[in-house]
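What follows is a short report on a single structure.
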Amino acid sequence: MIHRRNFLFAGSAIVAGPAMAQNRHAQHSPALRPVPPSPNPFNSVTQGGVPHHITSVQEAQRVSSSPAPAGVQGRWVKRADMPLPRSEMAWATVSGGRMHVVGGYGEDKFNGAYHTVYDPGHDQWYDAAPLPRGANHVGVVALDGVIYALGGFIEQNRRCDTKAFAYDTVSDRWRDIAPLPRPRGAGAAVVFKGSVHFIGGATDPAHERASVGWHERYNPATDKWDLLRPLPAARDHVGCVAHGGVIHVVGGRFNTFQYNTGLHHVYLPERDTWIEKASMPTARSGHGMVIHEGRFFCMGGEGGIIERGQTTDAKVFGTMESYDPATDAWQSHAPMPTPRHAIAAVSIGDWIYVAGGGAVLGGAVQASVHEAWTSRA
């Protein structure tokens, strides 16, 4: 059963809730410029950013099934597409009831400085101040009307840095903050008790791009980082939320999507240690994860097998599953109409919004597609 309650939430859609709108800083600058939806649902970044038609072979990659027992199916509806097809943003966040999507692949480049904002009340996208330097797989999170953007890759899913920035939603301006203690991209950022935790990810050397279990905490009041107990199974492209006084990390990959996992670890701050909970039924990485109506929803993702540089058994997931923290059990729900990975996913009000993402395994094809799910009839 889905309980109709509102929560502050965070994760791979890693977010601070709409209640922040009561804070002065949760307002938005009137300077944001409205932009129309993209006329193209898909672009190919490997072919010069030109419009792309999904082939039958690529359609065959789509997977929507789940081994989990069925829960409330809900329904998906179309929303205004993103201004341009993008993927590998990896995460989005919410401030003042609006979704912020930062960085990613698009327009024949892998280091976009994109920063777009979606207002669900008007079904409208806006351009906001661009990220000071372009990157993909940037960890983003919102706290008290400030958007934090942490790390990221400046090449195609590799060559990371330690740069970290903070964006003020009122002034529409970014500023530098203390850099990460160690460089990485594809880490998960989450707000917990007034601080920002940055967990997992992958780091250099670029030709290896190995997953890490690093767990670092940023204090906005002091502009300083400290180190906490690392994630037991080092991985990247995870889902992450904070709920009930603990932090949940779900799924992800060990180095590549060939080694996806459904592992579910929970960080206990008072003991500075981790425990395991019920694994996600569908092992995947690059999925979205949000808290919605008291449950943790995971949607989308990718997987495949790499042998001698060739990828087989390619999968792009539309599967949506949810976890009940009270019973430590999973359910399945109506799958995404358009399977994607490396999506922007958030929960606002009665809806889960899922925008953009990779339409095929890997980073070759970006989507502007934007769909929303609700449990209500």
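The values are calculated or read from the model by the stated rules, or taken from the named source; none is laboratory data. These numbers come from a predicted model, not from an experiment. Every residue, glycine as well, gets a Cβ built from its backbone with ideal geometry; the counts of neighbours run over all protein chains shown.
Brief remarks on what is shown
- Selection over region 332-347 of residues that are surrounded by fewer than 22 Cβ atoms within 10 Å (Cβ to Cβ) and either part of a strand (DSSP E or B) or at pLDDT below 95 (or both) gives a count of 1.
- Candidate set: region 186-234, residues that are surrounded by 18 or more Cβ atoms within 10 Å (Cβ to Cβ) and at positive phi; chosen: the one modelled with the lowest pLDDT: Arg209
- All of (1) more than 18 Å from the chain's Cα centre (by Cα); (2) farther than 22 Å from Gly185 by Cβ hold for Tyr259 with one exception: (2).
- Restricting attention to region 263-284, the residues being assigned to a loop (DSSP other than H, G, I, E, B), of a type outside the set (Lys, Arg) and under 18 Å from Ala186 (Cβ atoms) number 3.
- Yes/no for Leu131 being touching a residue at least 60 places away in the same chain (Cβ under 8 Å) and buried (at least 18 other Cβ atoms within 10 Å of the Cβ): no
- Restricting attention to region 155-203, the residues being of a type in the set (D, E, K, R), free of Cβ contacts under 8 Å to residues at least 60 places away in the same chain and farther than 23 Å from His264 by Cβ number 9.
- Thr327 satisfies every condition listed in (1) assigned to a strand (DSSP E or B); (2) surrounded by fewer than 24 Cβ atoms within 10 Å (Cβ to Cβ) except (1).
- Residue selected from region 283-298 under the condition in contact (Cβ under 8 Å) with a residue 40 or more places away in the chain and aliphatic (A, V, I, L, M), by the criterion surrounded by the most Cβ atoms within 10 Å (Cβ to Cβ): Met289
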